[in-house]
Amino acid sequence: MISATVLGALSYALATSPSPDRFARATSGTCSPSLAHTNFVGHDVTPPCSVHAATPTECCQRCSDDTECKVWTFMVSSGRCCFKTSAVGRTNFTGEFVSGCVLEDGVCPVPIPPAPAPVPPSPPPPPP
């Protein structure tokens, strides 16, 4: 006999799961090298950042299972994995974010813009 708790959890999982059509891509997609301290802002696949992963590699593997996901951002502190349709909005952060692309035929299917130029440090104040 299946408990009401198990049935409730199963019903919830089925009701909140994305459409199976999104998961039609073969899982043969390979991951680009990870971009440390990088976030791709916006262009989230719905529902945004709803996948959990233990590592950036797992995040990429999960992204490769979703036909809408082209790039991903992994949040280190929370283990949340954000699937993205575009790499537009690339920003640099210290720590927290790791991002990458699911390669198709060895190439990232969306252009990844160059990292923003670092902001130079402020000059020291003049001597008194």
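Would you pick out the residues in segment 65-79 that are surrounded by fewer than 16 Cβ atoms within 10 Å (Cβ to Cβ) and at pLDDT 90 or above? Give the derivation first.
At the first step, the residues of segment 65-79 found to be surrounded by fewer than 16 Cβ atoms within 10 Å (Cβ to Cβ) are 67, 76-79.
Those that are surrounded by fewer than 16 Cβ atoms within 10 Å (Cβ to Cβ) and at pLDDT 90 or above: VAL76, SER77, SER78, GLY79.
Yes or no: PRO127 touching a residue at least 24 places away in the same chain (Cβ under 8 Å) and out of contact with any strand residue (DSSP E or B) (no Cβ under 9 Å at 6 or more places or on another chain)? First the steps, then the outcome.
Values: touching a residue at least 24 places away in the same chain (Cβ under 8 Å): no; out of contact with any strand residue (DSSP E or B) (no Cβ under 9 Å at 6 or more places or on another chain): yes.
So PRO127 does not fit the description; no.
Quick check on my filter: what residues within segment 44-64 are crowded, with 18+ Cβ neighbours inside 10 Å and part of a loop (DSSP other than H, G, I, E, B)?
VAL45, ALA53
Considering only segment 85-128, state which residues are among the aliphatic types (A, V, I, L, M) and exposed (fewer than 10 other Cβ atoms within 10 Å of the Cβ).
We begin by selecting, within segment 85-128, every residue among the aliphatic types (A, V, I, L, M); these are 87-88, 98, 102-103, 107, 110, 112, 115, 117, 119.
Result: VAL107, ALA117, VAL119.
Does CYS82 satisfy the condition of being at pLDDT 90 or above, in a strand (DSSP E or B) and either in contact with a Cys (Cβ under 8 Å, 6 or more places away or on another chain) or open to solvent by 20 Å² or more (accessible area, probe 1.4 Å) (or both)? Working first, answer last.
On the way: at pLDDT 90 or above: yes; in a strand (DSSP E or B): yes; either in contact with a Cys (Cβ under 8 Å, 6 or more places away or on another chain) or open to solvent by 20 Å² or more (accessible area, probe 1.4 Å) (or both): yes.
Against the criterion (at pLDDT 90 or above, in a strand (DSSP E or B) and either in contact with a Cys (Cβ under 8 Å, 6 or more places away or on another chain) or open to solvent by 20 Å² or more (accessible area, probe 1.4 Å) (or both)), CYS82 qualifies.
Scan segment 79-96 residue by residue and report those that are farther than 11 Å from PHE40 by Cα and touching a strand residue (DSSP E or B) at 6+ places or on another chain (Cβ under 8 Å). Step through it out loud before you land on a result.
First, pick out the residues of segment 79-96 that are farther than 11 Å from PHE40 by Cα: 79-81, 94-96.
Passing the criteria: GLY79, ARG80, CYS81, GLU96.
The values are calculated or read from the model by the stated rules, or taken from the named source; none is laboratory data. No experiment lies behind these values; they were computed from the predicted model shown. Glycine gets a Cβ as well: all are built from the backbone with ideal geometry, and neighbour counts include every protein chain shown. Areas reflect the complete protein model, heavy atoms only, side chains present, ligands, DNA and RNA absent. Shrake-Rupley method; radii C 1.70, N 1.55, O 1.52, S 1.80 Å.
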